[in-house]
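Reviewing the structure listed below.
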Amino acid sequence: MALAREQKLNKTVFNKNPEKIPIRNGYGEGLVEAGEKHPEVVALCADLKDSTKSTAFAKKFPERFFELGVAEQNMAGVAAGLGVSGKIPFIASYATFSPGRNWEQIRTNISYNNANVKIAGHHAGISVGPDGATHQAIEDIATMRVMANMRVIVPCDVHEARKATLSATDVWGPVYIRYTREETPVITSPDTPFYPGQAEVFWDSKDPKCAIIACGSLVYNALVAAKELESEGIETLVLNNHTIKPMDNTRVLDVVKRCGAVVTVEEHQIEGGMGSAIAELLANQLPTPQEFIGIQGVFGESGKPEELIDKYGMAVKDIKLAVKRVIKRKNGK
Amino acid sequence: MYLSEKEQEFLEKTANKIRRKIVEALEDAGSGHSAGSLGMADVFTALYFHVLKHDPKKPNWENRDRLILSNGHIVPVQYVAMAYAGYFPLKELKSLRKIHSRLQGHPHRETLPGIDATSGPLGAGLSQAAGMALAARLDGKKHRIYCLMSDGEQQEGLIWEAAMFIGKNKLSNITAIIDRNNIQIDGLTEDVMPLEPLREKYEAFGWNVIDIDGHNMEEIIDATNEAKAISYQPTLIIAHTIPGKGVSFMEYDFNWHGKVPNGQEKERAIKELRSIKGKIRSEYD
């Protein structure tokens, strides 16, 4: 149990000021690595080269980089054409635009067509902050995971984002990866194991009473909540459930069986998100009391990332309260 | 012009065979799109039996020309042309739009070898053509990408995103063909949402544009040859066609866009298509 904490987590993660790097940087690094490894990798961008961190690839492989202009639908279609012609295209934009605006092109021309395209949704979640609700993708996990043939990965930090980006080239077919903009705590290290489709226990206890299943940068809040709860005498477990489709059902069922109660944590609408995926699994195989941390059916607004996470109920205190509530429900109180 | 009289006659007879089979297949399917399928029979005949570099026995041949049917609803004409070309047995046409079939109502790349792109939702073909053309250019391959579109789907914004991108990148390995039959589901294109001046729009986006009679084999083939010869810009062929071509009661009538003939109408249509220009009865098949 203590083992999981020491082996997998960044040493500074529980410091007062943990090391912070934007998750999107992992896209930039992973994309260049993927390009070095596979000459078939090409990158496409819709006038957001810098903020999607596509610049390094564009500089290193100018002949394999394509600027589409402000045209996300065309970007998806062009990628589909490349992806059925032996190339491995990565398309990058803000998640509200891609896979937001171009959802149908992704459905028909990439997913149904089974084109080998990797979709990078940037600036996802409410934490993109001051730009406001128009730019806060809080529906993308739902709209992507509902698609046949699609894989969905939500990395928790920059290292995991790099590994997830690189790993997308190991499978044939469409993959959606979600990245965020802000500097967020570095939870893992370059050596932390990452296998797509394999959830990792990041925090364990001798006798956990609740499984906190989280994805994305909120894995950090889940860990801090777990640590604080431990000091209050409540033992929990934190599962980093980075691959939402296909989900690691075995591991999820295993930890839920041990704990008997679940809190899911995601920076996304509760409807249709990662928590819903967990609920679908548990309803079918292991009905268990569950609380959902996420955005509760409303749009966001402008603000600082931490203010928004707090206002919309995804802070450490919210997770702790949810854990206490669900344990009460489990105990029939 | 490279066509001998014999070749021309062969192509015209083949187009007529294809029309008859389209009418049969659509009647049998009980739903589908008649007007566009019949209207494009000559273009599809020219492509599959003269223009395309392809091998029906090796549908995944790497150096084949690609054919994207952006307006997937007229896929019956493609299926029939493919069957006559030898991609699959003619009798499989009876499975059109039926359960457990490879002949889906709209083309699906994964289901039928020889279909290069999945389509149906309009306006998406040209983008995919651009991707295929980029891949060919990156790999130094010489095959061409043919993208067939309807006129109605020019109303989709996505078409113009793609047209802009193809113009910018001078993807001269693309030959796009618009079926300019002037009809769409709700009526005449110029009433529903005017497209003209269509030629000038594409020219402004950096394309070479050729207007042709889409029922004249010589003009179809000449235009595709001109497109091959131009190395500095993409080419659009605006093929002026008659919707429902060859069946008098369907011609020019937008009501036949998304309708199929019943048994009686089928018999009438086949009878008309068994003659040349509606006059001389012919027994060839």
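Of all residues being buried (at least 24 other Cβ atoms within 10 Å of the Cβ) and not small (Gly, Ala, Ser) in region A:76-90, which is farthest from the other protein chains (Cβ to nearest Cβ)? Just the residue, please. So that I can check it myself, show each step before the final result.
Quick first cut of region A:76-90, residues buried (at least 24 other Cβ atoms within 10 Å of the Cβ) only: A:76-85, A:87, A:89-90.
Of the ones still in play, those that are also not small (Gly, Ala, Ser) are A:78, A:82, A:84, A:87, A:89-90.
Values: A:VAL78: 4, A:LEU82: 4, A:VAL84: 7, A:LYS87: 5, A:PRO89: 8, A:PHE90: 13 Å.
So the residue we want is A:PHE90.
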Are there any pairs, at least 6 apart or on different chains, whose C-beta atoms fall under 7 Å, with the first in region A:33-60 and at positive phi and the second surrounded by fewer than 18 Cβ atoms within 10 Å (Cβ to Cβ) and among the aliphatic types (A, V, I, L, M), and if so, which? A:ASP47/A:VAL70
Filtered residue count, region A:45-84, keeping only those that are of a type in the set (D, E, K, R) and over 25 Å from the mean Cα position of the chain (by Cα): 5
Expected single match for under 20 Å from B:ASN169 (Cβ atoms), at pLDDT 95 or above and among the acidic types (Asp, Glu) among A:GLU63, A:GLU33 is A:GLU63
How about region B:115-139: which of its residues are under 19 Å from the mean Cα position of the chain (by Cα), surrounded by fewer than 21 Cβ atoms within 10 Å (Cβ to Cβ) and more than 8 Å from chain A (Cβ to nearest Cβ)? B:LEU122
Just one of B:LYS170, B:LYS142 is on the phi > 0 side of the Ramachandran plot, touching a residue at least 40 places away in the same chain (Cβ under 8 Å), more than 10 Å from every other protein chain (Cβ to nearest Cβ) and not in a helix (DSSP H, G or I); which is it? B:LYS170
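Hey, could you check region A:297-333 for residues that are of a type in the set (Asp, Glu) and within 20 Å of A:ALA222 (Cβ to Cβ) and say which is surrounded by the most Cβ atoms within 10 Å (Cβ to Cβ)? Let's see the steps before the verdict.
Filtering region A:297-333 down to residues of a type in the set (Asp, Glu) leaves A:301, A:306-307, A:310, A:318.
Retained after the next criterion (residues that are within 20 Å of A:ALA222 (Cβ to Cβ)): A:306-307, A:310, A:318.
Details: A:GLU306: 12, A:GLU307: 14, A:ASP310: 15, A:ASP318: 19.
Once the filter is applied, the top-ranked residue is A:ASP318.
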Residues to consider are A:ILE110, A:ILE141; find the one that is surrounded by 24 or more Cβ atoms within 10 Å (Cβ to Cβ) and either under 18 Å from A:GLY313 (Cβ atoms) or touching a His at 6+ places or on another chain (Cβ under 9 Å) (or both). A:ILE141
Going residue by residue through region B:183-205, is there one that turns out to be over 18 Å from B:ILE74 (Cα atoms) and within 14 Å of chain A (Cβ to nearest Cβ)? yes
I'd like the residue in region B:220-233 that is buried (at least 20 other Cβ atoms within 10 Å of the Cβ) and not polar (S, T, N, Q) and, out of all such residues, is nearest to B:VAL51 (Cα to Cα). B:ILE221
The one condition in (1) free of Cβ contacts under 8 Å to residues at least 40 places away in the same chain; (2) in a loop (DSSP other than H, G, I, E, B) that A:SER167 fails to fulfil: (2)
Result of the Cβ filter at 8 Å on region A:244-257, keeping first residues that are surrounded by fewer than 17 Cβ atoms within 10 Å (Cβ to Cβ) and partners that are charged (D, E, K, R), at least 6 apart or interchain, is A:PRO246/A:ARG151
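For region B:78-98, state whether one or more residues are part of a strand (DSSP E or B) and within 29 Å of B:ASN225 (Cβ to Cβ).
no
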The number of residues in region B:149-163 that are assigned to a helix (DSSP H, G or I) and more than 17 Å from A:VAL78 (Cα to Cα) is 4
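From the list A:LYS60, A:LYS11, A:LYS37, which residue is basic (Lys, Arg) and outside the structural domain of A:ILE88 (by TED's automatic domain parsing)? Even if it seems obvious, please write down each step before you answer.
Values: A:LYS60 fails: outside the structural domain of A:ILE88 (by TED's automatic domain parsing); A:LYS37 fails: outside the structural domain of A:ILE88 (by TED's automatic domain parsing).
Result: A:LYS11 is the single residue among A:LYS60, A:LYS11, A:LYS37 that is basic (Lys, Arg) and outside the structural domain of A:ILE88 (by TED's automatic domain parsing).
Would you point out the residue of region A:258-295, among those that are touching a helix residue (DSSP H, G or I) at 6+ places or on another chain (Cβ under 8 Å) and in a helix (DSSP H, G or I), that is farthest from A:THR243 (Cα to Cα)? Full working, then the answer.
In the first step, residues of region A:258-295 are kept if they are touching a helix residue (DSSP H, G or I) at 6+ places or on another chain (Cβ under 8 Å); the result is A:260-274, A:276-278, A:281-282, A:285-286, A:288-295.
Next cut, in a helix (DSSP H, G or I) only: A:274, A:276-278, A:281-282, A:285.
On the way: A:MET274: 9, A:SER276: 14, A:ALA277: 11, A:ILE278: 12, A:LEU281: 14, A:LEU282: 17, A:GLN285: 19 Å.
Top of the filtered list is A:GLN285.
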I need a count of the residues in region A:12-24 that are touching a residue at least 60 places away in the same chain (Cβ under 8 Å) and assigned to a loop (DSSP other than H, G, I, E, B). 6
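Answer with yes or no whether A:LYS60 is more than 9 Å from chain B (Cβ to nearest Cβ) and in contact with a helix residue (DSSP H, G or I) (Cβ under 7 Å, 6 or more places away or on another chain).
Numbers: more than 9 Å from chain B (Cβ to nearest Cβ): yes; in contact with a helix residue (DSSP H, G or I) (Cβ under 7 Å, 6 or more places away or on another chain): yes.
Yes, satisfied.
The values are calculated or read from the model by the stated rules, or taken from the named source; none is laboratory data. All of these numbers come straight from a predicted model, not from anything done at the bench. Cβ: placed from backbone, ideal geometry, glycine included. Neighbour counts: every protein chain shown.
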